[in-house]
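In what follows, a structure is listed as structure tokens, so that the remarks can point back to it.
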Amino acid sequence: MSNYDDIKAECYEANLLLPEYKLIDLTFGNVSVAEPERRVFAIKPSGVDYAAMKVNDMVVVDFEGKIVEGSLRPSSDTPTHCRLFQAFKGIRSVVHTHSRNAVAFAQAGRGIPCFGTTHADYFYGEVPVTRSMTAEEIQSAYERETANVIVERFNDLDPTQVCAVLVHSHGPFAWGPTGKKAVENALALEIVAEIALKAIQLNSQVKPISSPLLDKHFLRKHGTKAYYGQG
Ligand SMILES: [Zn+2]
């Protein structure tokens, strides 16, 4: 028994969805789940095989980056997760993968334009790409600076409306209100990246979705006037 059983269980289950959804190869990828009221989060341990991982392997870390509970080392991306929880109020879970189509956009240094309603159902407009990191940022506190370029990119964006980003030359981060929802957003991101890539191949002049259609699809599922589904 631990004070953190709830977030450890939610984190464990969300991490197991990554291989199930085929979002990861080898051990790339990690999910964290926070309890913002207590300023702590649970995160996958570093380099542990998904098949062998147990719920008690989840490491609990506070919002200052200090380990609170757990015998294994937390994911090497922990400072990125930590900084995002500090900066983005209203998010409870962060997911990082190297899913292939999203990584292709990140490596090309391109955001994923919103070309259609599949994208608009999840993301309110383009999924942005960050600027390249400087040598200084890479050589200092690399993982924390990775989050800082994300936060900088969201200076004029709402992270609850665009719940994913591509880090330049690296890959995607997604987030959400629960572990399950954040992983679903990471999967949606990979799907829309694949579709966008095909749309560009079929028509190199393809244009983003119209704003009335973007508004209709995003806002009927999200926000105060949402009416889609059973919720
Ligand atoms: Zn990575």
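The values are calculated or read from the model by the stated rules, or taken from the named source; none is laboratory data. In this text the structure is predicted, and so the values were computed from the model without any measurement. Ideal geometry is used to build each Cβ from the backbone, glycine not excepted, and the neighbour counts take in all protein chains shown. Surface accessibility is based on the protein's heavy atoms, side chains included, excluding ligands, DNA and RNA. Shrake-Rupley method; radii C 1.70, N 1.55, O 1.52, S 1.80 Å.
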Subject >> Residues (loosely packed, with under 13 Cβ neighbours inside 10 Å and within 15 Å of the chain's Cα centre (by Cα)) located in region 133-170 >> reply: Asp158
Original post:
Which condition number does Val59 fail, the rest of (1) hydrophobic (A, V, I, L, M, F, W, C); (2) surrounded by fewer than 19 Cβ atoms within 10 Å (Cβ to Cβ); (3) in contact with a strand residue (DSSP E or B) (Cβ under 8 Å, 6 or more places away or on another chain) being met?
Top reply: (2)
Original post:
Got a number for residues in region 105-119 being part of a strand (DSSP E or B) and within 16 Å of the ligand (Cβ to nearest atom)?
Top reply: 0
**OP:** Give the residue that is surrounded by the fewest Cβ atoms within 10 Å (Cβ to Cβ), with candidates limited to residues of region 1-44 that are hydrophobic (A, V, I, L, M, F, W, C) and in contact with a Cys (Cβ under 8 Å, 6 or more places away or on another chain).
**Re:** Ile43
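Count, please, the residues in region 75-108 that happen to be out of contact with any strand residue (DSSP E or B) (no Cβ under 8 Å at 6 or more places or on another chain) and among the small types (Gly, Ala, Ser).
So the count comes out to 5.
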Original post:
Restricted to region 199-215, and to residues that are in a helix (DSSP H, G or I) and touching a residue at least 12 places away in the same chain (Cβ under 8 Å), which residue is surrounded by the most Cβ atoms within 10 Å (Cβ to Cβ)?
Top reply: Leu214
**OP:** Please give the number of the condition His222 fails out of (1) at pLDDT 95 or above; (2) more than 25 Å from Ser75 (Cα to Cα); (3) crowded, with 17+ Cβ neighbours inside 10 Å.
**Re:** (1)
Original post:
Of the residues Leu214, Leu219, which is in contact with a helix residue (DSSP H, G or I) (Cβ under 6 Å, 6 or more places away or on another chain) and farther than 28 Å from Tyr142 by Cβ?
Top reply: Leu214
**OP:** Go through region 1-47 and give me each residue that's among the aliphatic types (A, V, I, L, M), part of a loop (DSSP other than H, G, I, E, B) and more than 16 Å from the ligand (Cβ to nearest atom).
**Re:** Met1
Original post:
When the residues of region 45-56 are filtered to those that are touching a residue at least 40 places away in the same chain (Cβ under 8 Å) and open to solvent by 10 Å² or more (accessible area, probe 1.4 Å), which remaining residue is nearest to Ala9 (Cα to Cα)?
Top reply: Val55
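For every residue, the table says whether it meets (1) without any contact (Cβ under 8 Å) to a residue 60 or more places away in the chain; (2) more than 15 Å from Ala102 (Cβ to Cβ); (3) among the acidic types (Asp, Glu).
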position: Ile112; (1), (2), (3): no, no, no
position: Tyr122; (1), (2), (3): no, no, no
position: Val129; (1), (2), (3): yes, no, no
position: Glu137; (1), (2), (3): yes, yes, yes
position: Glu143; (1), (2), (3): no, yes, yes
position: Val149; (1), (2), (3): yes, yes, no
position: Phe154; (1), (2), (3): no, yes, no
position: Asp158; (1), (2), (3): yes, yes, yes
**OP:** Can you tell me which residue within region 64-104, out of those that are charged (D, E, K, R) and within 15 Å of the ligand (Cβ to nearest atom), is surrounded by the fewest Cβ atoms within 10 Å (Cβ to Cβ)?
**Re:** Arg100
Original post:
In region 138-185, how many residues are assigned to a helix (DSSP H, G or I) and either touching a helix residue (DSSP H, G or I) at 6+ places or on another chain (Cβ under 8 Å) or more than 16 Å from the ligand (Cβ to nearest atom) (or both)?
Top reply: 20
